[in-house]
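Notes for the one structure printed next.
The values are calculated or read from the model by the stated rules, or taken from the named source; none is laboratory data. It should be emphasised that the depicted structure is a prediction, and the values quoted were computed from it without experimental measurement. Please note: Cβ atoms are built from the backbone with ideal geometry, for glycine as well, and neighbour counts cover all protein chains shown. Keep in mind that these areas ignore ligands, DNA and RNA; they rest on the heavy atoms of the full protein, side chains included. Shrake-Rupley method; radii C 1.70, N 1.55, O 1.52, S 1.80 Å.
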Amino acid sequence: MSEKYLLVSAAPHIRTPEDIPKIMYAVLIALIPVVIASVYFFSLLAVKLIVVCIITAVFSEYIFQKLRKKNTTALDGSAMITGLLLALTLPPNLPLWAAALGVVFAIVLGKQIFGGLGYNIFNPALLGRAFLMAAFPALMTSWTLPFNLDAVTGATPLAQMKFAQSLVAHQALFLGNISGSLGETSALAILIGAVFLLLKKIIDWRIPAGFMGTVVLLSGAFWLINPEKFADPLWHLLAGGLILGAFFMATDMVSSPVTRKGKWIFAVGCGVILMLIRFWGGLPEGVMYSILLMNALVPLIDRFVLPVRFGGKRKNSV
Amino acid sequence: MGRINATPTGKGYTLAKTFQGGVHLADHKEQTASQPIKKAPDPQRVIIPLSQHVGSPASANVLVGDSVKIGQKIGQAQGFISCPIHSSIAGKVVSIQSSPHPAGASSLAIIIENDGTNALDEGIKPKGDLSILSADEIKAIVKEAGIVGMGGAAFPTHIKLSPPLKNKIDAFILNCAECEPYLTCDYRLLLERTDEVIYGMRALMKALGVKKGCIGIEDNKPEAIKLLKALPEKDKDIEVVVLKTKYPQGAEKQLIKAILNREVPLGKLPLHIGVVVNNVGTAYATACALKQGLPLIKRIVTVAGSGVAHPQNLEVKLGTTFAEVIQECGGSNEGVEKVIMGGPMMGIAQATLDVPVIKGTSGILLLNKDELALEEANPCIKCGRCVDNCPMGHLPLYLGTYGEREIWEKCAELGALDCVECGSCTYLCPAGRPLVQIIKLAKQKIIAEQKKKKK
């Protein structure tokens, strides 16, 4: 030992085995049940969209970082999450070129342009979807019924309610036998993955609890006032992309607040905006916009919502 | 109360107390926890630094060529916050020179060659029974014995025993948390020399005039808890408080919060809320100073880590080099990357093994690559783990970001000076960011700036 140099650095000398790729791959693992459900309902359409989105995400991250002469993080799992999450929010019969374009937008303009992972303000996958909604509104709102992929264009349950005042049964919503985007169909599949992430403490329970709790409270209040006109809280919980958004997108570490109190505020804000859109907006669904809008408020929340200091109150903001 | 969790202890389920935040660490104590303390043979030569405590270094009162005896005072305390230094062996002063110091850089040290006589200094004799000694006499004995905080901080104990009159001390805590991984020196001391430790604790309580005594101990030490709970009837006034095993439970402020539910206000000391905390080793050293008249010239050192052939707790004379201590434990294994004095969370990495064991050397750890953190730092992903688990309620991620950009005023605003440097943030960071390291630097910069302004 004496012939060898000893390493000298400041304490602490030990570290958690957890690192960024481990967190990202855990999220990917948690999404496996959703992927299986989407393939079950939409077979080859789902496979094609998911594969194209993931591959495009990894390659666009790699190429952008190479162009900027930076070390590549394309395989740390975060780009794959963006690709997969975006795929799961798309209508099953969206042309593959449109999906790929959305992914490139998400990775390059949603994430890398800010400096890469950790610096982005918005959830990249949702930003990609917002771009597609703006660019190709018709393609993005033509839906397919599960198992019947060729002909039928079925309106989503939320659109049916909004524009035709008809309710899809709760059970169909829970299991996923409804028309909708790839990943928002089966609440059951999403919950399996969510439990895994909660147990591994990768997502904070406060965000889905605050988000969905607000939705239940608000929709419940309106339902009690007028059950003829408004759907019940459970229906609102299960319909659309709420569960996927609450567990997998609002919980994105980079674009959500760092303090526990801040997370509550963020989550409740998401719920309020979502219900405003679902009740009075021009669109049937608003999970995407509710999260994106609250993403924009995160720097503000982080600036003013501070943890309680040990031994005294903090007077300054960040 | 601090936060309470039901945790199994030696006697079925009791409620273990704790504090907000912190981290659960793999404790690695199994390497040494079950082995009795072994006495190391006296070294041929000792290197005794004149600075082994917080405060001004002592000044040598022997000359090269002088003969010294075991326990003889060889360094005189200088100023209010300082401590005397004593010889740990009998022999001849061969040199007084600048030598490598385990706390970094170099410091003036007295080097003594052992003459094999083991002659004791004449002043070393029992100081009389605790019942007849007054508080002031105990303080004087502690001061003369050069006793410091033995948990690693090495703050002179006599200062802690002399709080300003306006601060009424009403509680004494014996710190047996030992929350750093690998270290078991306090645990073994408590287990094997219980009577001395309790005697020392009573002496410290008497010096402070305190009636309420608590022993704070983590629930991963069921043997010691059982032993303490079975203390004789006369010790029933000392309360044994079982704490949840969590880092940094042994940090003074967190310990007081967990046991007494009192919070030390920002910028204040435990004495401002009427509490004094001392470590097991400090109580033991106090007992030795009273019962045998022996100043602080030896201590228990945990030698552990996968790089040590035979990990164990050694009772070592101060001034023995790390190299000799490691040799005594069968030498080192292949692949040692780092040698640390203290625990792996707050200990100090060593550049050489020629540094001596000093008063604050609680452990010598030899760690290999697998046990260490050697990855590169990545950008923060704002996971918030440093925030959720900071025991002081800080925002380490922003302290790190501002510090990286050298915006020290912002670090000051965010409370960098109140950081206890436990390292939980760096430990937890999945991006491998050196958060506490940046905060330590920020503290230095902020203090330097404040000094500049005063001038």
Which one of the conditions (1) in contact with a strand residue (DSSP E or B) (Cβ under 7 Å, 6 or more places away or on another chain); (2) open to solvent by less than 10 Å² (accessible area, probe 1.4 Å); (3) of a type outside the set (D, E, K, R) does B:Gly415 fail to meet, given that it meets all the rest? (1)
Conditions (1) assigned to a helix (DSSP H, G or I); (2) buried (at least 24 other Cβ atoms within 10 Å of the Cβ) -> A:Ser256 fails only (1)
Picking from A:Gly245, A:Gly262, A:Gly269, which residue would you name as being open to solvent by less than 10 Å² (accessible area, probe 1.4 Å), farther than 25 Å from A:Gly83 by Cα and at pLDDT 90 or above? A:Gly262
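Would you mention how many residues in region B:151-168 are aliphatic (A, V, I, L, M) and open to solvent by less than 10 Å² (accessible area, probe 1.4 Å)? Give the derivation first.
Kept after step one, since they are aliphatic (A, V, I, L, M), are these residues of region B:151-168: B:153-154, B:159, B:161, B:165.
Now restrict to residues that are open to solvent by less than 10 Å² (accessible area, probe 1.4 Å): B:154, B:161.
Final tally of qualifying residues: 2.
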Please return the ranges of strands (runs of 3 or more DSSP E) entirely within region B:281-393 where 2 or more residues are within 11 Å of chain A (Cβ to nearest Cβ) and crowded, with 23+ Cβ neighbours inside 10 Å. B:336-341, B:363-368
Say whether the condition of being under 23 Å from A:Leu182 (Cβ atoms) and either open to solvent by 50 Å² or more (accessible area, probe 1.4 Å) or more than 14 Å from every other protein chain (Cβ to nearest Cβ) (or both) is met by at least one residue in region A:6-27. yes
Return only the number of the condition from (1) touching a helix residue (DSSP H, G or I) at 6+ places or on another chain (Cβ under 8 Å); (2) at the interface with another protein chain (Cβ under 10 Å from one of its Cβ atoms) that B:Gly400 does not satisfy. (2)
Residues being touching a residue at least 60 places away in the same chain (Cβ under 8 Å), in contact with a helix residue (DSSP H, G or I) (Cβ under 6 Å, 6 or more places away or on another chain) and part of a helix (DSSP H, G or I): count how many of those fall in region B:418-451. 2
Tally the residues that are surrounded by 21 or more Cβ atoms within 10 Å (Cβ to Cβ) and closer than 20 Å to A:Val305 by Cα, restricting the search to region B:403-412. 1
Output the residue which, of all residues in region A:285-312 that are open to solvent by 30 Å² or more (accessible area, probe 1.4 Å), touching a residue at least 60 places away in the same chain (Cβ under 8 Å) and not hydroxyl-bearing (Ser, Thr, Tyr), is nearest to B:Ala416 (Cα to Cα). A:Pro299
Tell me which residues, restricted to region B:25-40, are open to solvent by less than 40 Å² (accessible area, probe 1.4 Å) and hydroxyl-bearing (Ser, Thr, Tyr). B:Thr32
Conditions (1) open to solvent by 20 Å² or more (accessible area, probe 1.4 Å); (2) closer than 29 Å to B:Leu397 by Cβ -> A:Trp280 fails only (2)
Restricting the search to region B:236-254, which residues are farther than 19 Å from B:Val276 by Cβ, more than 12 Å from chain A (Cβ to nearest Cβ) and in contact with a strand residue (DSSP E or B) (Cβ under 9 Å, 6 or more places away or on another chain)? B:Val242, B:Lys244, B:Thr245, B:Lys246
